[in-house]
Structure formats: C-alpha cells, structure tokens
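Taking it in order: structure first as structure tokens, then the write-up.
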Amino acid sequence: MHVTHLIYGLALGGLEQMVIQLASRTRARGIGASLLALGPDGPIGEVARKNGLDVELLPADGMSVPALMGIRRALEKREATVLHAHDLGPWLNAVAVRALRPKTRVMATFHEQRTPQGRKRQAATVAARFSDALVACGDKVRQDILGWAPGGARVPVIANGVPLEEATAASRASARTELRIPEGAVAIGYVGGLREIKGPDRLLQAFIDRFAGRDDVHLYLIGEGPMEEDLRRAAQGHDNVHFTGLIIGAARLLPGLDVYAQASLSEGRSLSMLEAMSAGLPTVAHDLLPVREIHEHENTALLVPLGDRAGLGSALQRLAADARLRARLGAVARERARRHSIEPMVDAYEALYRELAARA
C-alpha cells in the first residue's frame, strides 16, 4: 500500500516537519509514502528527500483543474491507496480528486483550531460525506469539527506527538553557543512562524514592556514569516531582542533556552510546545483550551487570558526572576512530555491507513 500526503506548499513549519516524521516512520513499517505539495516551493522538500521520501511540487494554487489533474497523475504514478490531506485547503482538493479517482481512500487531519466559514463551510460539510476519516489533533479541534461535519462523520482524535530527546548539559551549551546567548543571561524563546495567528507581536510587546534596556534577559524569535519586517521595526533599539531567521531543525536549540513563550491566538496541539516540554522548559502561553490539553497552569506553565498583555509580561517577568520556579515547572513538563511521544501517534495512523487500504 502507498499513502500520499497532500499539504499546502513546502514551507518549513511544525506541521510540515511532523508530516515528514509520520511519513518516514510509517515507511519504515512497510507503508509506501510520498509528499505532494500544492503551491509555493520551500526548504521542506529537501528535508523530506534527506529522509528518503518521494516529493513532488504542483505549482497550482487553490482548487483548479490543473491542480486536480496534477494530484490525480501523482496518485496514479505512485499507485497510491490512501490520500492523506493536511488541513482544510488540501483536504477539499483531495475530496474533489476522489471524483476523478474513486478508488482512492481520502482522509484528512486538522492541525489547528479553526472553523470554516461561508462557502468553505458548506463545501466542507459536503466533502465530509465523501471522506473516510476526519482526524483531529486534539479534543478541542474535534469539538470544532463536530460543529460543522454532518452526523455520522468519523472524527477520531490522534494526538500530535514529538520525538522525545533528553536535554543534556552538552546540548544546552551547544544551543546557547549557536544562539550567542550571553553568559548568565536568561533566554526566553519562541520557535515557529512569524505570523499573526501565533501572536509573535504580542510576545514582543510584552517582553519590551518588562525588559527594555535589560542585558540579563534576552528574547529569541526563531523562525520567519510575513510579520518579520514589522517585528524587526518594533524591536529597533532593543539589543536584547534577536531574530534568527529560518533554522532547520530548530528544536535542537530549545535546551539552550530558559523559558519557552508562545502567545498564539488559536492552537490545535502545538508541536513546538511539546518539543519545549521535552526539553524541560517552562512555558508562558495564552490560556486556550487546546493549550490546557497539554499544560497545567502553575504546574508546567504560566497561562494568561487571551489579550492580557500585562499578564503576559508579568508571567515572563516572574519566570525570568525565579530560577527555582523555572526548574520546578520544567521538570514536571519534561515528565509530562512522555505522554506525547510520537510513537503512539504513528501507531494510530498506521492502523488507520491499513484499515482504509483493506477497504480500497
């Protein structure tokens, strides 16, 4: 059997890296795997190829005849049994392709807490009737899907997982060297896209409110995105704010941080937060239901109400000033991370792939 993963573009993000992990690990279990991307090119293609995956880019954007015909050709070329789409746009294309290739089993995973609106909601409700499974990455995402999917739709939860790697003194020293963190400074960091839904502007504002002019506390924004230029302008004159740009395999830098901060406005089940937990970091985040699925306030993280800029700054300040609190929350986070290993996630997807292939 063969599973083709359909994603939007080849940008380097948490979703794309998780898809590569999933495809690589199921491939090692005897399931053929390929990556098919609609839209712009990007660095994740090379990462996938280095992991032994077959990658193809279709420049067509959105739903169009060239896009649908390109997907169909790619499926035929690989004799794919299952088309696994990731998030709304790729999934709607996948369901349309099923009309051209009825033997294809179509499933989707929804990685973010987001409800389709207007015509997209109508299209999603219809598409759900022609899908074998709509997988949610967490409980809140499942609730959202059930709000628009028709009765009888299959909506299992397969929780996101990450490889668990123990942070060591050596990995911490290496990461702090690579990030050029001043000796003795407290390093607060974020890893991910610099885009509105992730709230990097809110994190930056809260940090500057509390730490402007300080040389003992530094903020590291690791990633790239459409907000980067505006963020850099807002940070001008603040020498303790650093932009690293895109870094492949950025999770290796997490052990060098002292606090992980992610001011997302909406979440599914954040892979970066899980990786930070695995690295033994305390987290500061907005108090969203999907965040509470992995974090506990005052036990693994400090959670503040969405939109509370002062609260976000106070939480950052509290952790920056209290090494014992950082150590306590980080130790519990590292232990909790064991619940979110990537292996149970891969087991669940493998079982679903084999079940759908048996019905093809």
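The values are calculated or read from the model by the stated rules, or taken from the named source; none is laboratory data. Nothing here was measured: the structure is a model prediction, and the numbers come from that model. All Cβ positions, even for glycine, are placed from backbone atoms using ideal geometry, and neighbour counts span all protein chains on display. Accessible surface areas use protein heavy atoms only, side chains included; no ligands, DNA or RNA. Shrake-Rupley method; radii C 1.70, N 1.55, O 1.52, S 1.80 Å.
Are there any pairs with C-beta distances below 9 angstrom linking a residue in the stretch 289-305 that is touching a residue at least 60 places away in the same chain (Cβ under 8 Å) and more than 18 Å from Arg338 (Cβ to Cβ) to a residue that is open to solvent by 10 Å² or more (accessible area, probe 1.4 Å) and not in a loop (DSSP other than H, G, I, E, B), with the two at least 6 apart or on different chains, and if so which?
Close Cβ pairs satisfying both conditions: Leu289/Asp139; Leu289/Lys140; Leu289/Gln143; Pro290/Asp139; Pro290/Lys140.
Mind listing just one residue for me: the one in the stretch 182-204 that is farther than 24 Å from Gly14 by Cα and surrounded by 15 or more Cβ atoms within 10 Å (Cβ to Cβ) and, of those, nearest to the chain's Cα centre (by Cα)?
Checking each candidate, the answer is Val186.
Looking at Ala327, Ala351, Ala333, Ala320, can you tell me which residue is open to solvent by 40 Å² or more (accessible area, probe 1.4 Å) and either assigned to a loop (DSSP other than H, G, I, E, B) or under 30 Å from Ala185 (Cβ atoms) (or both)?
None of the others qualify; the one that does is Ala327.
Scan the stretch 306-317 for residues that are open to solvent by less than 30 Å² (accessible area, probe 1.4 Å) and in contact (Cβ under 8 Å) with a residue 12 or more places away in the chain and jot them down.
Leu312, Gly313, Ala315, Leu316
Determine whether the stretch 70-79 contains at least one residue that is farther than 21 Å from Glu275 by Cβ, at pLDDT 95 or above and not in a helix (DSSP H, G or I).
yes
Report yes if Arg202 is of a type outside the set (Gly, Ala, Ser), assigned to a loop (DSSP other than H, G, I, E, B) and modelled with pLDDT of 95 or more, otherwise no.
no
Which of the residues spanning the stretch 272-296 are in a strand (DSSP E or B) and surrounded by 24 or more Cβ atoms within 10 Å (Cβ to Cβ)?
Thr283, Val284, Ala285
Suppose we filter Pro226, Pro163 for residues that are surrounded by fewer than 15 Cβ atoms within 10 Å (Cβ to Cβ) and touching a helix residue (DSSP H, G or I) at 6+ places or on another chain (Cβ under 7 Å); which single one remains?
Every option except Pro163 fails the conditions.
Out of curiosity, is Ala23 of a type in the set (Gly, Ala, Ser), part of a helix (DSSP H, G or I) and crowded, with 20+ Cβ neighbours inside 10 Å?
yes
So that you can scan it fast, the table gives a plain yes or no per residue for (1) closer than 24 Å to Glu355 by Cβ; (2) among the hydrophobic types (A, V, I, L, M, F, W, C); (3) under 24 Å from the mean Cα position of the chain (by Cα):
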| site | (1), (2), (3) |
| --- | --- |
| Lys50 | no, no, yes |
| Leu53 | yes, yes, yes |
| Leu57 | no, yes, yes |
| Met69 | no, yes, no |
| Ala74 | yes, yes, no |
| Ala80 | yes, yes, no |
| His84 | yes, no, yes |
| Asn93 | yes, no, yes |
| Ala96 | yes, yes, no |
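What pairs come out if I take residues in the stretch 96-120 that are in a helix (DSSP H, G or I) and pair them with residues that are open to solvent by less than 40 Å² (accessible area, probe 1.4 Å) and among the polar types (S, T, N, Q) whose C-beta lies under 7 Å away, six or more apart or interchain?
What qualifies is Val97/Thr104; Arg98/Thr104.
Quick check on Ile31: is it among the aliphatic types (A, V, I, L, M), open to solvent by less than 30 Å² (accessible area, probe 1.4 Å) and under 19 Å from Ala133 (Cα atoms)?
Taking the combined requirement at face value, the residue satisfies it.
Hey, could you check the stretch 66-88 for residues that are small (Gly, Ala, Ser) and touching a helix residue (DSSP H, G or I) at 6+ places or on another chain (Cβ under 9 Å) and say which is farthest from Glu112 (Cα to Cα)?
Out of the qualifying residues, it is Ala80.
When both residues are 6+ apart or on different chains and their Cβ atoms are under 8 Å apart, which pairs have a first residue that lies in the stretch 38-62 and is closer than 21 Å to Lys77 by Cβ, and a second that is open to solvent by 50 Å² or more (accessible area, probe 1.4 Å) and hydrophobic (A, V, I, L, M, F, W, C)?
Taking only residues 6 or more apart or on different chains, the pairs are Asp41/Leu57; Ile44/Ala11; Gly45/Leu57.
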